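Presented below is the structure to which this report refers.
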Amino acid sequence: MKGNKKQSRETLSYTSLFAFIFLMSSASHLGIRTSLPTRCTSNLPPLIHLHVEVLWKTYIAMVVLGLPTFTSLIRTLQNNPFIAIACGITSEDGVPTKYAYSRFVGKLSQPKHVVMVKNIMRSLTRSLYEVLPDFGKSVAIDSTDLKAWSNGAKKRVSDPDARWAVKLDTSGKKKFYFGYKLHLLADTQYELPIAANVTTGSINDSRVASRVLSQARFTHSKFHPDYVICDAGYSSDKLRSLIKRQYRAEPIIKVNKAHKKALFIETDDWKAIYNRRSSIERMFGRLKCYRRLNNVTVRRIQKVTVHCFLSLIVVQAQALHSAADNQMTSIRQCVHAIA
C-alpha cells in the first residue's frame with residue numbers, strides 16, 4: 001500500500017511539473033507539422049510515425065532530468081513508465097529511437113525553427129516580468145565556455161563552426177578550449193535568464209554585450225534596469241556610454257587594469273552592487289550541472305543554439321511553475337525531492 005502511494009505521488013510530481021513546462025514551451029509554437037518515422041524493426045509495421053509533440057516533450061524531459069544523451073533518455077523512458085506517461089507515451093512501441101531524435105534535432109536546427117525556439121524563451125521572459133516583482137531591475141552580463149563535440153586538434157574537424165578560444169580559469173591561468181560561448185543577460189535577484197546569444201568561442205565578450213541588451217529590450221519594451229553589472233572583460237567606454245544613454249541605467253563594470261583612463265575609486269556601495277554579479281556565475285553552475293548545458297552532443301552553431309536555449313527555457317518554465325504554486329523560495333531550485 002505504501003509503495004502504491006509513493007508511486008502515485010511520483011507520478012503526480014512528474015506529471016504536474018512536466019505538464020506545466022510542456023504548456024509554457026508548447027511544441028505548437030515551433031510550427032513543425034510533419035511527423036517523423038521511427039526506424040523499422042522486424043516486430044513493427046514498416047512505418048510508425050511519431051507525433052512531433054512526443055519528440056518535443058521527451059526532449060524537454062531530457063533537459064529537466066539532466067540526462068546526458070538520447071540513449072540515456074530512451075533507456076529512462078523504457079524503464080520508467082511514469083515519465084513515459086507524462087510525456088504522452090502509452091506503450092513501449094511509442095518510445096522514439098535515436099534515429100527519430102536525430103531527425104528531430106535536424107529539423108529544430110533549421111533557421112526558422114531556431115527563431116521559434118528563441119521566441120518561446122522570449123514569451124517566458126515576458127511572463128516572468130508579469131509574475132515577479134522588480135524582475136529585470138538589476139541585471140548582469142557574462143559568458144561561459146561550451147566545449148564542442150569535436151576534436152579541434154585534427155586537420156578535419158567534425159564541427160567546422162567551432163573555434164579555438166582562451167580564457168582565464170579561477171586560478172588566473174590561461175585555459176584553451178575548442179567550442180562556443182553562451183552570452184547571457186540575467187536578473188541578479190531571482191537568478192533567471194532574460195536574453196541570450198550563442199557565438200563561436202573566439203568572439204570577444206564586449207562585442208556581444210550590446211546585442212544581448214538589445215534582445216532584452218526587443219523581448220520586453222519595459223526593459224529599464226537600474227544597474228547593468230559586468231566584469232573587467234566588458235570594460236569599454238563605448239559600452240558604458242550605451243548603457244547610460246540608451247537604457248538609462250548605471251553601468252557597474254569593473255575596470256580592466258589596461259584601461260587606465262577609466263580607473264576610479266571603488267566605493268563600498270559600488271562593491272556591494274558589483275558583488276551581485278556572482279548570481280550569474282551560480283546560474284551557469286546550475287545550468288551545467290543540472291540542465292545539461294555542458295553536455296553538448298550536437299555539432300554546428302544552430303544545433304548548439306537550440307541546445308542552450310532549451311536549458312534556459314526549462315529554467316524559466318520551472319521558475320514560473322514555482323511562482324504559480326506560491327513557492328517563491330523554490331524558483332532557483334533544480335532538484336526537487338519527491339516525498
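Of all GluC sites (Glu not before Pro) in segment 183-292, which ones are in loop regions per DSSP and have a Cβ with at most 14 other Cβ atoms within 10 Å?
Details: sites: Glu191, Glu266, Glu281; in loops: Glu191, Glu266.
Here the GluC sites (Glu not before Pro) that fit, given the DSSP loop and packing criteria, are Glu266.
If you take every DSSP beta bridge whose two residues both sit in segment 111-301, what share of them, in percent to the nearest 5, is antiparallel?
So the antiparallel bridges amount to about 75 percent of the total.
Please list, ordered by chain and number, the residues whose modelled amide H lies under 5 Å from the amide H of Ile194; skip anything fewer than 5 residues away on the same chain.
Here the answer is Leu185, Ala186, Asp187, since their amide H atoms fall under 5 Å of that of Ile194.
Which loop chymotrypsin sites (Phe, Trp or Tyr not before Pro) in segment 240-294, with loop taken from DSSP, have no more than 12 other Cβ atoms within 10 angstrom of their Cβ? Write out the running numbers ahead of the final one.
Values: sites: Tyr247, Phe264, Trp270, Tyr274, Phe284, Tyr290; in loops: Phe264.
Sparse-neighbourhood loop chymotrypsin sites (Phe, Trp or Tyr not before Pro): Phe264.
Say R0 is 45 Å: what FRET efficiency, to the nearest 0.05, do Thr267 and Asp325 get from their beta-carbon distance?
Details: r = 40 Å, r/R0 = 0.90.
So the FRET efficiency works out to roughly 0.65.
What FRET efficiency do you get for Phe176 and Ser221 if R0 is 45 Å and r is their Cβ-Cβ distance, rounded to the nearest 0.05?
On the way: r = 41 Å, r/R0 = 0.91.
The formula returns an efficiency of 0.65 here.
Give me the number: length gained by fully extending Met116 to Ser91, i.e. 0.36 nm times residue separation minus the C-alpha to C-alpha distance, one decimal in nm.
Values: separation 25, 0.36 × 25 = 9.00 nm, distance 3.01 nm.
Gain on extension, Met116 to Ser91, equals 6.0 nm.
Under a crude label model (7 Å from the Cα following the beta-carbon direction), how far is Asn151 from Lys98 in nanometres?
1.9
Taken together, the values in this text are just the output of simple stated rules run on the coordinates, not laboratory data. Computed from a predicted structure; not experimentally measured. Every residue, glycine among them, receives a Cβ derived from its backbone with ideal geometry; neighbour counts consider all protein chains shown.
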